[in-house]
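Each remark here refers to the structure printed beneath this line.
The values are calculated or read from the model by the stated rules, or taken from the named source; none is laboratory data. Since the structure is predicted, the reported quantities are computational estimates derived from the model, not experimental observations. No Cβ is skipped: glycine too gets one built from the backbone with ideal geometry, and neighbour counts run over all protein chains shown.
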Amino acid sequence: MTFDWKQTYADTNSTFPNHSRKPVIGITGNFGDKGCELAEGYFRSILEAGGVPFIIPPYEDREALLSTLDQIDGLLLSGGGDLNPLYLGEEPSQALHSINPRRDLPELLLTKLAYDRQIPILGICRGCQVMAVALGGSIYQDIHEAMPNCNIIKHSQDLPREYASHSVSISKDSILQHIFQTDTLYVNSFHHQAVHEAGPHMRVSAVSADGVVEGIESCENKSIIGVQWHPECFVLRGEKAMLPLFQWLTEEATSFHRAVDAHQHMLTLDSHCDTPMFFGQDIHFDHRDPKILVDLHKMTEGHLDTSIMVAYLPQGERDQDSLNAATEKANQLLTGIEDMVAKSNQSVSLARTPDELYQLKGQGKKAIMMGIENGYAIGHDLSLIEKFRQRGVVYMTLCHNGDNDICDSARGNAEHGGLSDFGKDVIREMNRVGMMVDLSHAAESSFWDALETSKLPIVCSHSSCRSLCDHPRNLTDEQMTALAQAGGVMQITFYNGFLRTDGQATILDAVKHINHAVQVMGIEHVGIGTDFDGDGGVPGLANASELINLTRLLQQVGYSDKQLSLLWGENFLRVMRQVQVGVES
């Protein structure tokens with residue numbers, strides 16, 4: 001032992017530090033007679049796994065909790081006393097043990113807020129139970145009372161905590177199995193509460209011999225694990241078998257930090273969002289509104305800078321009265337976008353050009369651009385194109401699900417055999433006024449006609465790859481190649497039916513489509529158009545808050561920061577600039 005702290009200081013500064021930033025792991029503190037306290041095993045395990053422990057005392061100041069989450073890369077929910085059953089909507093059972101009234105509310109809030117921000121989470125014992133409750137699951141107040149058959153194992157051991165007392169079976173293909181590389185793990189057990197239902201966001205990944213849940217993890221490809229045992233006790237004793245769990249947390253936290261850092265240094269744009277479809281449902285864009293997938297909170301949590309919101313028009317009748325009504329509806333929706341932004345003008349602004357997007361990012365503000373989905377909005381009146389452009393509309397999707405007077409739809413009846421003569425005039429006028437031509441939803445015949453007619457690059461604002469998912473709305477490899485050769489961009493969308501022909505698509509399918517598009521077209525011609533609030537969204541990419549997850553996966557498969565900046569907006573904005581200044585490829 002040395003008492004010469006000045007020598008320690010000198011040794012610490014003897015050479016210039018040359019190390020990468022270690023991930024900061026927030027650890028929830030217990031609360032005892034002297035206030036906040038923490039068992040040594042938690043922070044020692046984080047240190048040994050290569051992280052920096054950051055102790056979070058139990059407090060309920062919401063602004064402070066939000067600020068804390070901005071400073072950490074991962075969250076460890078530590079063990080401790082029982083949860084108050086009132087937070088579960090239950091009355092206390094006779095078997096309930098001691099609860100800690102100081103911890104429950106702040107930890108439930110912290111867990112849900114961290115989940116919204118996609119921060120990696122590891123819950124231990126009580127922390128596993130907190131995780132389940134915060135994310136929509138439930139727990140048993142006492143497993144012996146609720147599960148009469150769970151008498152095979154003594155779950156509250158007298159054995160010292162650093163020794164194994166029973167085995168758990170780990171689910172095949174789970175994160176836990178990947179971490180420990182085994183189907184059976186020997187653990188300790190010091191609890192009488194346990195997870196009852198994992199909830200909609202989690203799945204059971206480990207159980208004991210009597211059926212008690214011993215591990216849960218995300219079923220949405222997220223970095224979230226809860227275990228019922230105390231791995232930190234093994235690590236503190238010098239037992240390495242449990243260290244991989246903490247190494248997993250620090251590695252996931254490093255990945256999360258790297259993705260967040262990338263978003264801070266590039267502009268991120270989603271080229272297609274249908275939130276205006278919900279304008280009549282009392283939504284609040286400045287809240288974290290459960291009715292919509294894109295709002296200011298979710299954009300901030302997912303580190304999304306810009307959303308192009310569209311005035312969507314379903315294809316209707318084409319008599320003059322119906323066409324007039326469609327034009328009026330488009331203008332109403334555009335006004336709704338303008339009003340929505342005006343109500344939150346301290347945090348978000350409308351933008352018309354790429355340069356304005358970068359200016360707003362520099363000011364720390366989100367940006368909304370406007371588009372029109374379905375050329376039905378202009379009826380037979382070419383002059384409306386310029387009027388919509390003057391309002392700030394950056395692109396118009398030529399059709400939707402059904403042929404219109406401009407072109408045939410992928411879900412139409414091949415009325416024109418591609419573009420109509422009027423449709424060709426529409427494209428020429430869009431070129432003239434600087435409005436991007438969007439061919440998502442168009443029939444393949446319309447695609448080829450438009451590519452030939454347009455003098456400027458075109459886009460597909462929300463389409464995916466037909467070779468991976470055989471849907472008429474998706475682009476063939478031949479179309480994708482031609483689009484790239486013409487200088488255009490294809491924006492991969494997250495609609496389940498456009499990612500998979502069978503079963504539930506996930507974020508992994510979205511990455512497959514991006515990878516395929518990049519392979520066929522080149523990195524300079526691919527982007528992201530979520531179709532959020534227009535039925536877009538899959539597990540792992542369910543709303544705007546989860547977009548940071550996509551960056552993490554793309555980084556893991558090898559995309560550089562420069563390549564990510566192209567995918568996340570530069571490619572689409574390159575075409576926007578060319579169209580707005582009238583520069584041919």
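Annotations
- One residue stands out in the range 361-413 among those that are within 31 Å of the chain's Cα centre (by Cα) and farther than 24 Å from G534 by Cβ: the one that is surrounded by the fewest Cβ atoms within 10 Å (Cβ to Cβ), namely G364.
- Within the range 260-286, the residues that satisfy the criterion of being touching a His at 6+ places or on another chain (Cβ under 7 Å) and surrounded by fewer than 23 Cβ atoms within 10 Å (Cβ to Cβ) are V260, H263.
- Residue satisfying condition, being among the hydroxyl-bearing types (S, T, Y), in contact (Cβ under 8 Å) with a residue 40 or more places away in the chain and touching a Cys at 6+ places or on another chain (Cβ under 6 Å), within set S446, S461: S446
- Some residue of the range 440-447 being part of a loop (DSSP other than H, G, I, E, B) and either closer than 17 Å to A486 by Cβ or not assigned by TED's automatic domain parsing to the domain that holds G534 (or both): yes
A quick yes/no check of all residues on (1) aromatic (F, W, Y); (2) surrounded by 23 or more Cβ atoms within 10 Å (Cβ to Cβ); (3) closer than 26 Å to H201 by Cα:
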position	(1), (2), (3)
D116	no, no, yes
R126	no, yes, yes
M131	no, yes, yes
L135	no, no, yes
M147	no, no, yes
I153	no, no, no
H166	no, no, no
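- Taken as a whole, the range 84-107 holds at least one residue that is modelled with pLDDT of 95 or more and either closer than 19 Å to S223 by Cα or part of a loop (DSSP other than H, G, I, E, B) (or both).
- Checklist (1) modelled with pLDDT of 95 or more; (2) assigned to a loop (DSSP other than H, G, I, E, B); (3) more than 28 Å from L304 (Cβ to Cβ); (4) of a type outside the set (V, I, T) applied to A132, failing item: (2)
- Against the test of being among the charged types (D, E, K, R) and under 21 Å from M242 (Cα atoms), the options E40, E63 yield a single qualifying residue, E40.
- Those residues of the range 12-27 which are at pLDDT 75 or above and not in a loop (DSSP other than H, G, I, E, B), in sequence order: V24, I25, G26, I27
- Residue match in the range 530-543 (condition: hydrophobic (A, V, I, L, M, F, W, C), under 20 Å from H297 (Cβ atoms), touching a residue at least 60 places away in the same chain (Cβ under 8 Å) and surrounded by fewer than 21 Cβ atoms within 10 Å (Cβ to Cβ)): yes
- Residue check, H178 out of contact with any strand residue (DSSP E or B) (no Cβ under 6 Å at 6 or more places or on another chain), without any contact (Cβ under 8 Å) to a residue 24 or more places away in the chain and not in a loop (DSSP other than H, G, I, E, B): yes
- Selection within the range 61-82 - over 21 Å from K222 (Cα atoms) and part of a loop (DSSP other than H, G, I, E, B): D61, G79, G80, G81
- A Cβ distance below 6 Å, combined with a sequence gap of six or more or placement on separate chains, defines the contacts here; from the range 100-114, residues that are among the acidic types (D, E) reach residues that are in a helix (DSSP H, G or I) in the pairs D104/Y87; E107/V130.
- Close pairs from the range 571-585: first modelled with pLDDT under 95, partner among the charged types (D, E, K, R) and part of a loop (DSSP other than H, G, I, E, B), Cβ under 7 Å, at least 6 apart: E584/K455
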